[in-house]
Amino acid sequence: MTKLRAGVIGVGHLGQHHARLYASSPDATLVGVLDQDSERASVIAQKYHAQVFRSLPDFLQQVDVVSIAVPTSGHYSVAKGCLKAGKHVLVEKPISVLSSEAQELVGLASRQGCTLQVGHSERFNPIMPLMRPHVHAPIFFECHRLSTYGERGTDVDVVLDLMIHDIDLVLSYNPGPVETVWATGGVLLSSTNDVANVRIQFKEGCVAQLTASRISPKAMRQWRVFQPEGCITIDFQSRRGVVARKSVASGGKATMVMEEIQAGDAEPLKLQLESFLSAIREQSRPVVSGEDGAAAVELAHRVMAAMKVAG
């Protein structure tokens, strides 16, 4: 089986790991990297025995698949150029800044017959496939995603930077159309909102309460999902989960029976790239498709619009 020729655009904090994983993949060969920082590109290329490219056209002539890990503000323009050249694209989350841009990329990928996957890597956290079968009819999501402050990602609102992970995950459970969105947020250290809280009411009854912050003293990535038969708790950092099920004893008294679940240490990004390459070879819909990424961005903008109304 011929290996796919892979390239990475943007080899900073996250892109360097795309390069590392392509270089070690049995299904792909890391051909080259492209980055505005030529010195950084040279370091990564040398480390993984790849070529440094100076222009996008030259780069695209040599690759079949592309990972895009540039700042969010550049996702749309770079992805568009790659798709127009007929390349399969994995673009880091969010797919784009604007909903209209996301829809355009989805349409372009379809017309070009290209696989378009969005890097919502939390879908590939090893705890997720273990916990997802226990979620049957969620009625309330409670999500906290907090991080310490850093410059990376601050070119966009915290909703597009962090909360987008939980928006995508909630939507992956198919809660139905959105009825109302209430949100509030605040600008503290960057030029956009650094903290946000939102309550999303879905027409079919489910509610999602999401909190995101990039100015917290310590990181937190936790979920609680309530459903008629009990509660699911997920800690994405420790990769631990608890399934609490309602049980009725012989005397008729209801109690909760707990089951603790611990996931392994597999690397989510590695699983994500393997899934991407598999979707290309099998010509199947990616686990996180362009349509999924576009839906997350559309809801994110509804959240940000609600924040403006709240003032």
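The values are calculated or read from the model by the stated rules, or taken from the named source; none is laboratory data. Predicted, not measured: the structure shown is a model, and the values here were computed from it. In this analysis, Cβ positions are derived from the backbone assuming ideal geometry, glycine residues included, and neighbour counts consider all displayed protein chains.
Points to keep in mind about this one:
- Selection of the range 40-59 for residues being buried (at least 20 other Cβ atoms within 10 Å of the Cβ) and farther than 16 Å from His13 by Cα yields Ala50, Phe53, Phe59.
- For first residues located in the range 47-73 and over 23 Å from Ser24 (Cβ atoms), partners that are surrounded by 19 or more Cβ atoms within 10 Å (Cβ to Cβ) and among the acidic types (Asp, Glu) and lie 6+ apart or on another chain with Cβ distances below 9 Å form the pairs Thr72/Glu92; Thr72/Asp161.
- Residue that is surrounded by the fewest Cβ atoms within 10 Å (Cβ to Cβ), among those in the range 93-103 that are polar (S, T, N, Q) and in a helix (DSSP H, G or I): Ser100
- Subset of the range 56-83 [within 23 Å of the chain's Cα centre (by Cα) and part of a helix (DSSP H, G or I)]: Thr72, Ser73, Gly74, His75, Tyr76, Ser77, Val78, Ala79, Lys80, Gly81, Cys82, Leu83
- In the set (1) over 22 Å from Ser275 (Cα atoms); (2) modelled with pLDDT of 95 or more, the condition left unmet by Arg54 is number (2).
- Thr180 meets the conditions (1) buried (at least 17 other Cβ atoms within 10 Å of the Cβ); (2) over 20 Å from Arg240 (Cα atoms); (3) not acidic (Asp, Glu) in every case but one. The failed one is (1).
- Qualifying residue in the range 110-131 (condition: among the hydrophobic types (A, V, I, L, M, F, W, C), part of a helix (DSSP H, G or I), under 30 Å from Arg239 (Cα atoms) and out of contact with any strand residue (DSSP E or B) (no Cβ under 7 Å at 6 or more places or on another chain)): yes
- The C-beta contact set for the range 201-214 (first residue within 15 Å of Met304 (Cβ to Cβ), second residue aromatic (Phe, Trp, Tyr) and part of a strand (DSSP E or B), distance under 9 angstrom, 6+ apart or interchain) comprises Leu210/Phe141.
- Top-ranked residue in the range 266-292 [being farther than 16 Å from Pro129 by Cβ and basic (Lys, Arg); ranked as farthest from the chain's Cα centre (by Cα)]: Arg281
- Among (1) surrounded by 17 or more Cβ atoms within 10 Å (Cβ to Cβ); (2) closer than 27 Å to Pro133 by Cβ; (3) in contact with a Phe, Trp or Tyr (Cβ under 8 Å, 6 or more places away or on another chain); (4) not aromatic (Phe, Trp, Tyr) - the single one Asp168 does not satisfy: (3)
Residue by residue, here is whether (1) surrounded by fewer than 21 Cβ atoms within 10 Å (Cβ to Cβ); (2) in contact with a Pro (Cβ under 8 Å, 6 or more places away or on another chain) holds:
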| residue | (1), (2) |
| --- | --- |
| His75 | no, yes |
| Val91 | no, no |
| Gly107 | yes, no |
| Gln117 | no, yes |
| His120 | no, no |
| Pro126 | yes, yes |
| Ile139 | yes, yes |
| Ser147 | yes, no |
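- When Lys203 is tested against the conditions (1) crowded, with 16+ Cβ neighbours inside 10 Å; (2) within 24 Å of Ala300 (Cα to Cα); (3) in contact with an Asp or Glu (Cβ under 8 Å, 6 or more places away or on another chain), the lone failure is (1).
- Among the residues of the range 236-265, just one is loosely packed, with under 12 Cβ neighbours inside 10 Å, among the small types (Gly, Ala, Ser) and either within 30 Å of His18 (Cβ to Cβ) or outside the structural domain of Leu169 (by TED's automatic domain parsing) (or both), namely Gly264.
- Residues that are in a loop (DSSP other than H, G, I, E, B) and more than 17 Å from the chain's Cα centre (by Cα), drawn from the range 237-265: Ser238, Ala249, Ser250, Gly251, Gly252, Lys253, Ala263, Gly264, Asp265
- Which listed residue is modelled with pLDDT of 95 or more, not in a helix (DSSP H, G or I) and not assigned by TED's automatic domain parsing to the domain that holds Val178, from Ser275, Ser284: Ser284
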